[in-house]
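Bear in mind these aren't lab numbers, they're just calculated from the coordinates by the rules spelled out. Every value quoted in this text rests on a predicted model; they were computed, and no experiment measured them. Neighbour counts are summed over all protein chains in view; Cβ atoms, including those assigned to glycine, are modelled from backbone coordinates with ideal geometry.
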């Protein structure tokens with residue numbers, strides 16, 4: 001495993017081996033069986049290019065009313081618990097004792113993107129956000145704590161884990177493109193990104 005530090009982001013390359021990646025993938029599939037993936041609408045009336053679901057006390061949601069956390073899936077059912085293999089990653093890398101309230105699962109198809117944004121729908125920004133990459137490579141772009149200015153990018157591969165905390169917690173970041181077909185983890189290709197967050 002190689003650890004990169006980029007603008008305060010702790011990027012642990014190849015943190016999860018192939019067996020661990022498959023264990024997490026199976027856990028994600030179980031989550032999606034209970035809480036199927038969906039494409040939320042942005043407050044601007046356009047569907048997001050990523051499909052998503054969640055696990056934990058809360059799930060992340062977006063519609064005309066804005067971005068927020070909600071206690072139930074759009075179907076009305078409660079979100080499933082965060083699976084143990086995913087919580088184990090948080091325990092190992094987050095550096096905090098408290099467990100996350102939400103595991104947001106984003107699925108990126110070949111043409112999916114995520115514009116530069118801050119994770120700021122949580123109550124307390126002193127808690128870190130932990131990100132796990134599975135599947136195809138994603139070009140991860142890191143900006144600044146305010147909009148604009150120069151950015152830097154790094155390719156995230158399957159098994160990479162990123163910890164965003166401290167001064168970097170409110171840094172703008174996004175995914176510019178997917179290098180489709182670079183991983184065999186997902187039979188039909190694509191990238192899955194998990195982000196673990198403390199919400200309350």
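Give me 120, 7, 191 sorted ascending by neighbouring Cβ count inside 10 Å, so fewest comes first.
Ascending number of Cβ neighbours within 10 Å: 120, 7, 191.
What residue among 21, 118, 157 shows peak mean-square fluctuation when the chain is described by a Gaussian network model with Cα springs under 10 Å?
Largest GNM mean-square fluctuation: 118.
If you build a Gaussian network model of the chain, linking Cα atoms that sit under 10 Å apart, which residue out of 80, 43, 128 swings the most?
Fluctuation is largest for 43.
Suppose a student asked you for the relative contact order of the range 29-114, using Cα pairs under 8 Å spaced at least 6 residues apart; what percent would you report?
Normalised by residue count, the contact order of the range 29-114 is 32 percent.
Roughly how many Å is it from the Cα centre of the range 3-46 to that of the range 136-200, as a whole number?
The two parts, judged by their Cα centres, are 9 Å apart.
In the Gaussian network model of the chain, springs joining C-alpha atoms below 10 Å, which of 71, 179, 147 carries the largest mean-square fluctuation?
147
Using only alpha carbon pairs under 8 Å that are at least six residues apart, calculate the relative contact order of the chain and give it in whole percent.
Relative contact order for the chain comes out at 26 percent.
In which sequence would 73, 117, 173 go, from the one with the fewest C-beta neighbours within 10 Å to the one with the most?
Least to most surrounded, the residues fall as 117, 73, 173.
Mind sorting out which of [x] 1.12; [y] 0.98; [z] 0.92 is the real Rg/Rh (Cα atoms, Kirkwood Rh) computed from the coordinates?
For Rg/Rh (Cα atoms, Kirkwood Rh), the calculated option is [z].
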